[in-house]
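The values are calculated or read from the model by the stated rules, or taken from the named source; none is laboratory data. Keep in mind the model is a prediction, meaning the values are calculated, not measured. No Cβ is skipped: glycine too gets one built from the backbone with ideal geometry, and neighbour counts run over all protein chains shown. Calculation scope for accessible area: heavy atoms of the full protein, side chains included, ligands and nucleic acids excluded. Shrake-Rupley method; radii C 1.70, N 1.55, O 1.52, S 1.80 Å.
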Amino acid sequence: MRCIFCKKDSQTSKSVEHVIPESLGNSTLILAPGVVCDKCNQYFAVKVEKQLLGESLMESLRSSHFIESKKGKIPTGKGFIDGHEVLIQPTTSGKLKANILVPTKVFQSIKHNNSNNVVVSTGGLPGESPITSRFIAKIALETLAFRTIENGFTTDWLVDDIQFDPIRNHAKLGQPKVWNISRRRLYAPRLENAAGKSYNIIYHYNILQTNANELYFIICLFGVEYSINYGGPSMDGYFNWLKEHNDMSPLYSDGNERPTLE
């Protein structure tokens, strides 16, 4: 067995690889030891995933969704309650403890039984750092590996196919430095069903093959859709596909119902 990133022998590797990080709630999309070698696994965890998930908005979203880290801790986030800026600290009971920020003096603690009272601080879209494209590229390649194994094949073809070397190098080495991705909000981070009950969709994903035989990976995180071209940094083919399909996300092109933005 060889690693899908560095292509080196990985038969002695012992660590499993989470296609989507555990810190985003993933406990099922897991690659067996060796698909990604121990060295690459550790590299991505420290140099790519940690940087992206450490963004202020990402931490706030993970906090308000009660998503634990690998060490079982829910991060402290920022938000607003009744117009007051607060630090959000979820508890193990599923409640939110929020500390109102008083710049000149002290913090005043408030307990909230209903998480809907907390509005997550927004200052843009999650994943706006330069590391985002490498993070998405990593997940994209690992998703191909996951689906290959799921269908009973080995990942040798993915390791040997040189058409994936550019996105492989971008994910692992940051080369080329710029790899264009598409990013747009599809729906709100927290949703309500017909009965008025609050729920959320942390992530879902799909692989799109266009009529021009271009391959794109699509993933939605906290309501924001990210798209990347497996074959190169150009997103023209994806934008053409969107135009032909009235801007419908490929995540819903198979008839799945799309949550609303508001």
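List the residues, sorted by chain then number, that are 5 or more residues from residue 186 or on another chain and whose placed amide H is less than 5 Å from its amide H.
224, 225
Considering only protein heavy atoms, with the full assembly of protein chains and a 1.4 angstrom probe, order 134, 147, 168 by accessible area, largest first.
Highest to lowest solvent-accessible surface, that is 147, 134, 168.
Go through 40, 6 and list them by solvent-accessible area, largest first, probe radius 1.4 Å.
So the residues, ranked largest to smallest area, are 6, 40.
Given the peptides 238-245, 52-59, 18-25, arrange them by the average over their residues of other C-beta atoms within 10 Å, most packed first.
Highest to lowest by the protection proxy: 18-25, 52-59, 238-245.
Enter the accessible area of residue 76 (Å², nearest 10), with the probe set to 1.4 Å and all protein chains included.
Approximately 60 Å² for this residue.
Can you work out the FRET efficiency for the pair residue 157 and residue 76, with r the C-beta to C-beta distance and R0 = 25 Å, to the nearest 0.05?
0.05
Which far-off residues, 5 or more places away or on another chain, put their amide H under 5 Å from the one on residue 204, with H placed in the peptide plane?
220
Taking K and R as +1 and D and E as -1, what net charge do the other residues with C-beta under 13 Å from the C-beta of residue 23 add up to?
0
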